[in-house]
Amino acid sequence: MKIDFAHMEEQALEHFKGGEKVTHAKLVNEQGARIMHGRLEPGASIGLHTHEGSSEVIYVLSGTGKVLYDDGEEALVPGDCHFCPEGHAHSLINNGTEDLIFFAVIPLYA
């Protein structure tokens, strides 16, 4: 199934998961998974949350940022991939000067 993000309307999710500012997202909820093409402006974040019943893979397309992961922190640049397994907590933060563009897949477990 092809997902044409280029022709999807972007949603503005204010304070997503308790984060700062707005998460701009093109979302697909289909067949046991959530798929997101996301954009965080400088200073924006997705709040710290724990994955219960799912995991998440985030792939950075452009911009820079960081992930708070459990008790640590990981810097992210284009081409980096972050994985948050079920039962773990993370937050995505744009601490750079350009938009952080990313692709995320959240498989939902039955």
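The values are calculated or read from the model by the stated rules, or taken from the named source; none is laboratory data. None of the values given here were measured: they were computed from a predicted structure. Quick reminder, even Gly has a Cβ in these numbers, built from the backbone with ideal geometry, and neighbours come from all protein chains shown.
Could you please let me know if residue 56 is among the acidic types (Asp, Glu) and either surrounded by fewer than 18 Cβ atoms within 10 Å (Cβ to Cβ) or at pLDDT below 95 (or both)?
Criteria not met by residue 56.
How about the stretch 69-87: which of its residues are surrounded by 15 or more Cβ atoms within 10 Å (Cβ to Cβ) and either under 16 Å from residue 55 (Cβ atoms) or among the charged types (D, E, K, R) (or both)?
Across the stretch 69-87, the qualifying residues are 69, 80, 82, 84.
Which of the residues spanning the stretch 70-106 are under 13 Å from the mean Cα position of the chain (by Cα), of a type outside the set (Val, Ile, Thr) and more than 17 Å from residue 22 (Cβ to Cβ)?
Within the stretch 70-106, 76, 80, 81, 82, 83, 84, 89, 90, 103 meet the criteria.
Can you list the strands (runs of 3 or more DSSP E) found entirely within the chain that contain at least 2 residues being of a type in the set (Asp, Glu) and on the phi < 0 side of the Ramachandran plot?
The strands (runs of 3 or more DSSP E) meeting that bar are 72-76.
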